[in-house]
Amino acid sequence: MSTLHETLAQRLLMAGDLFETGVALKRQQIRRGNPRMSEEEVERRLAEWLRHRPGAEHGDAEGKVITWPRP
């Protein structure tokens, strides 16, 4: 039986793994769409996508946009 801290740590590790997998998939999508693109350009486009993902300008959650930290 795992403790709460172990469970939370496992979830955090899983979230990190899922993020890395998603980034790898997006990198492959960029490469497939532009097979002659240099590795540097692929990485530049990937970084740009990570900073400005269409549809998630304010994060991945629904709801009201607030300033952080709250006053």
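Summary of values
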| item | result |
| --- | --- |
| Residue list for the stretch 14-71, filter: among the β-branched types (Val, Ile, Thr) and surrounded by 10 or more Cβ atoms within 10 Å (Cβ to Cβ) | THR21, VAL23, ILE30, VAL42 |
| Qualifying residue in the stretch 42-61 (condition: assigned to a loop (DSSP other than H, G, I, E, B) and basic (Lys, Arg)) | yes |
| Close pairs (9 angstrom Cβ cut-off, 6 or more residues apart or separate chains): modelled with pLDDT of 95 or more in the stretch 1-27, β-branched (Val, Ile, Thr) anywhere | ARG27/VAL42 |
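The values are calculated or read from the model by the stated rules, or taken from the named source; none is laboratory data. None of these values were measured; they are calculated from a predicted model. Cβ atoms come from the backbone with ideal geometry, glycine included; neighbour counts cover every protein chain shown.
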